[in-house]
1. Going through the stretch 18-43 one residue at a time, which ones are aliphatic (A, V, I, L, M) and either over 17 Å from Ile99 (Cβ atoms) or not in a helix (DSSP H, G or I) (or both)?
2. I'd like to know if the stretch 88-95 contains one or more residues that are touching a His at 6+ places or on another chain (Cβ under 7 Å) and buried (at least 17 other Cβ atoms within 10 Å of the Cβ).
3. Can you tell me which condition Ile102 does not meet? The list is (1) surrounded by 12 or more Cβ atoms within 10 Å (Cβ to Cβ); (2) β-branched (Val, Ile, Thr); (3) within 17 Å of the chain's Cα centre (by Cα), and all the others hold.
4. Got a sec? Which of Ser26, Ser15, Ser30, Ser59 is hydroxyl-bearing (Ser, Thr, Tyr) and exposed (fewer than 15 other Cβ atoms within 10 Å of the Cβ)?
5. Report yes if Phe103 is in a helix (DSSP H, G or I), within 25 Å of Val36 (Cβ to Cβ), at pLDDT 95 or above and of a type outside the set (S, T, N, Q), otherwise no.
6. All but one of (1) part of a loop (DSSP other than H, G, I, E, B); (2) of a type outside the set (Lys, Arg); (3) without any contact (Cβ under 8 Å) to a residue 40 or more places away in the chain; (4) surrounded by 15 or more Cβ atoms within 10 Å (Cβ to Cβ) hold for Gln47, so report the exception by its number.
7. Cβ-Cβ under 9 Å, sequence separation 6+ or interchain: first residue in the stretch 73-98 and at negative phi and without any contact (Cβ under 8 Å) to a residue 60 or more places away in the chain, partner among the basic types (Lys, Arg) and surrounded by 14 or more Cβ atoms within 10 Å (Cβ to Cβ). Which pairs?
Amino acid sequence: MTVAKKKRYNYIHKSIARGTIPSILSVLASLATLTVTISLAAMSQGQGPMLLGALGITSMVFSVFALIHLVTALKDEGRNYLPVKIAGFIAGVILLIWITIIFVGLRLAA
């Protein structure tokens with residue numbers, strides 16, 4: 001008969017990394033502007049005003065800010081990186097969506 005090993009629990013929680021909150025807020029702002037831009041573009045059947053372009057650029061800038069905050073947060077040692085990594089992944093996906101939309105739009109315009 002073997003004795004089961006006891007699980008050890010660590011009750012000391014690591015604090016979040018330094019750039020986590022700005023990164024999450026940037027991703028939320030980027031996601032909101034992406035949603036508004038795509039909704040307005042669909043409602044105007046692709047013939048929207050210049051405001052849509054400005055909102056798209058703003059969404060991309062927010063995504064880049066979130067990625068910059070990710071890089072600065074990863075330099076902070078011994079912290080909880082999970083929330084900032086999730087925010088960075090979502091920011092990367094949003095940026096990839098915008099790059100794809102731009103290339104498809106340029107391809108259709110040519």
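The values are calculated or read from the model by the stated rules, or taken from the named source; none is laboratory data. All of these numbers come straight from a predicted model, not from anything done at the bench. For neighbour counting, all protein chains shown are included, and Cβ atoms are generated from backbone atoms with ideal geometry for every residue, glycine included.
1. Keep residues of the stretch 18-43 that are aliphatic (A, V, I, L, M), which gives 21, 24-25, 27-29, 31-32, 34, 36, 38, 40-43.
Those that are aliphatic (A, V, I, L, M) and either over 17 Å from Ile99 (Cβ atoms) or not in a helix (DSSP H, G or I) (or both): Ile21, Ile24, Leu25, Leu28, Ala29, Ala32, Val36, Leu40, Ala42, Met43.
2. Here is the first cut: in the stretch 88-95, the residues touching a His at 6+ places or on another chain (Cβ under 7 Å) are none.
No, the stretch 88-95 has no match at all.
3. It fails just one condition, (3).
4. Values: Ser26 fails: exposed (fewer than 15 other Cβ atoms within 10 Å of the Cβ); Ser30 fails: exposed (fewer than 15 other Cβ atoms within 10 Å of the Cβ); Ser59 fails: exposed (fewer than 15 other Cβ atoms within 10 Å of the Cβ).
It is Ser15.
5. Details: in a helix (DSSP H, G or I): yes; within 25 Å of Val36 (Cβ to Cβ): yes; at pLDDT 95 or above: no; of a type outside the set (S, T, N, Q): yes.
Criteria not met by Phe103.
6. Going through the list (1) part of a loop (DSSP other than H, G, I, E, B); (2) of a type outside the set (Lys, Arg); (3) without any contact (Cβ under 8 Å) to a residue 40 or more places away in the chain; (4) surrounded by 15 or more Cβ atoms within 10 Å (Cβ to Cβ), Gln47 breaks only (4).
7. So the pair list comes out as Ala73/Arg18; Ala73/Arg79; Ala73/Lys85; Leu74/Lys85; Lys75/Arg18; Asp76/Arg18.
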